[in-house]
Each structure stands twice: as C-alpha cells, then as structure tokens.
Amino acid sequence: MTAQTDTQGSVTTVYKVSGMSCGHCEGSVSGEISGIAGVSSVTAVAATGEVTVVSATPLDDEAVRAAVDEAGFELVGKA
C-alpha cells in the first residue's frame, strides 16, 4: 500500500490496474481517474500496470475503482 504526502500537501498514491496493454489504455485510465475531484495528475504505465495519482487529499478507493471500471479495466489494489 503506497500513499505518501509530499511537502506541498498533496498525496501521491500508486495503484495496480490489470488489463492495460498500450498507450490508448493508459489514456483511458488516466482520463477517468482525472475526473475525480481533487486529482491533480495521473500517470499510467501499461508495461507495469501501475497508475500514479497525485491528489489534494487521499482518494476514496471505491471512487478510483469506479473510474478504472468505467475505463474498462480492473483495479487490483494499491501497489
């Protein structure tokens, strides 16, 4: 489980997502998670299945799961 607060007061969390295989997949997941209130950046890497999210406050895991599901992938958990 990875979640850390940096010096600017934002929270960085790394999630594991299964099913991403290309740049389009990364964009779909990033786009959906970016729509969650408080998210300032999302970086998805298909090769590792990791999605790094920077937000103002810790995110509700169910909101992240719903966003990933909407993109057509499965949230495995936090890395």
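Under 17 Å from a label point set 7 Å out along the Cα-to-Cβ vector of E62, the amide N atoms of region 25-41 belong to 36-37. For the chain, modelled as a GNM whose springs connect Cα atoms under 10 angstrom apart, the maximal fluctuation among G27, G49, G35 occurs at G35. Here the contact order of the chain, divided by its residue count and restricted to Cα pairs under 8 Å and six or more residues apart, works out to 40 percent.
Putting +1 on Lys and Arg Cβ atoms and -1 on Asp and Glu Cβ atoms, find which of V39, G19, G49 reaches farthest to the positive end of the dipole of the chain. So the residue we want is G49.
Taking only DSSP H segments of four or more residues, each worth -39500 (n - 2.57), what value at 222 nm results for the chain once the sum is divided by all its residues, to the nearest 500 deg cm²/dmol? Using -39500 (n - 2.57) per qualifying helix, the result is -9000 deg cm²/dmol. About its Cα centre, the dipole of the chain is roughly 180 debye, where the only charges are +1 on Lys and Arg Cβ and -1 on Asp and Glu Cβ. Summarising the amide proton neighbourhood of V76: residues at separation of 5 or more, or on other chains, whose placed amide H is nearer than 5 Å comprise K16, V17, S18.
No value in this document is a laboratory result; all are computed from the given coordinates. Just so you know, these numbers come straight off a predicted model, no measurement behind them. Here Cβ is always computed from backbone atoms with ideal geometry, including for glycine, and neighbour counts include all displayed protein chains.
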